[in-house]
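Take a look at the structure below.
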Amino acid sequence: MINIFELACLSNHIYYPYAHTTPAFFIYPLLRNKKKVSLPNQRWCCLHQLDPDMKPKNYSYSQLYIKFYGAKATNAVIAVRGSFWLSDFVKDYKCWRHDIDNKTLHNIIPEPYYAQTAAYTIIVHDYLKRYYPHLLNNLIFTGHSLGGAIAQLILLRSGFTYSTVAFNAPGVGHMPDINLKLKNTITNVNARYGLINKVGLTLGQCYQIDILEQEAQAKELFKRFSGHHTPSKKTHSFWQNLKISEEIYSVMAAQHSILNMIHALQKPKNATIAHTIL
């Protein structure tokens, strides 16, 4: 079984795919040889270079994680990396500005992220079918920010019927050629005062989490946004004159951070969400 907190840790780990730890547990490489290694009874493993073309330096990066209990593999997760390179953040900002400046939502499928992740998903599917066929019914997609959006689009556009958990991801319900019948397999975990996760149309179950980092500043900023984020009110002077200052960027980054989300999920008041089983 996998809970939301574990998926948040994997969504953070994908930014540092060769790290050996997450905020809550160790990550072990999935060994291909037969050397004896002392491993804990319950553990997470990652499989590097399943696809030689899927490299951390790429625009898009995904990784397969498998959870073991003893010698038995119990669950599999594909984590999709969010915005990482400068070009990613530029695309995020353009999407965000498009949403608040115009009357319509930004509905262009982000490439090459989607195509590369879809290709990797097929490779993972074939790998699991060969080595861990029982995991095909327990595969979950996860990701933070852009990664969470791509994870949802893989589900809604590819025909796969796996569950998806996204953290602070922009909504994808307005995107073209999606299967809305699968929306109930999506879970979103969002910062209450985050701005990026308010872009687009959010699908599925949505949990709101209070992020303590720069929360007071975020509340004040959010007040100015929340009253005018409708097509009929986007001519309001605040929207017309909005600039991304260092102060606004700092607040947005603090509320958007996956690491801050993990810290929030470790708080007792969020225990029910953190321990929700997928």
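Here are the numbers for this structure:
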{"quantity": "Which numbered condition LEU146 fails, given (1) free of Cβ contacts under 8 Å to residues at least 40 places away in the same chain; (2) in contact with an Asp or Glu (Cβ under 8 Å, 6 or more places away or on another chain)", "calculated": "(1)"}
{"quantity": "Segment 166-187 residues that are within 24 Å of LEU10 (Cβ to Cβ), paired with ones that are assigned to a loop (DSSP other than H, G, I, E, B) and of a type in the set (Phe, Trp, Tyr) (beta carbon under 8 Å, 6 or more apart)", "calculated": "THR185/TYR162"}
{"quantity": "Residue that is at pLDDT below 90 and touching a Ser or Thr at 6+ places or on another chain (Cβ under 8 Å), where the choices are SER87, SER83", "calculated": "SER83"}
{"quantity": "Residue match in segment 151-165 (condition: open to solvent by 20 Å² or more (accessible area, probe 1.4 Å) and β-branched (Val, Ile, Thr))", "calculated": "yes"}
{"quantity": "Count of segment 154-204 residues which are in contact with a Gly (Cβ under 7 Å, 6 or more places away or on another chain) and assigned to a loop (DSSP other than H, G, I, E, B)", "calculated": "12"}
{"quantity": "Inter-residue pairs, beta-carbon under 9 Å, first under 18 Å from LEU10 (Cβ atoms) and in segment 261-278, second assigned to a helix (DSSP H, G or I) and hydroxyl-bearing (Ser, Thr, Tyr), 6+ apart", "calculated": "MET261/SER11; ILE262/SER11"}
{"quantity": "Test: ASN188 is under 14 Å from GLN152 (Cβ atoms) and either crowded, with 19+ Cβ neighbours inside 10 Å or modelled with pLDDT under 95 (or both)", "calculated": "yes"}
{"quantity": "Pick from segment 127-153, criterion over 12 Å from the mean Cα position of the chain (by Cα) and hydrophobic (A, V, I, L, M, F, W, C), ranking: farthest from LEU7 (Cα to Cα)", "calculated": "LEU128"}
{"quantity": "Of residues in segment 205-225 being aliphatic (A, V, I, L, M), out of contact with any Phe, Trp or Tyr (no Cβ under 7 Å at 6 or more places or on another chain) and outside any loop (DSSP other than H, G, I, E, B), the one modelled with the highest pLDDT", "calculated": "ILE209"}
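The values are calculated or read from the model by the stated rules, or taken from the named source; none is laboratory data. Here the structure is a predicted model, which means the values were calculated and not measured. All Cβ positions, glycine included, derive from the backbone under ideal geometry; neighbour counts span all protein chains shown. For accessibility, only protein heavy atoms count, side chains too; no ligands or nucleic acids. Shrake-Rupley method; radii C 1.70, N 1.55, O 1.52, S 1.80 Å.
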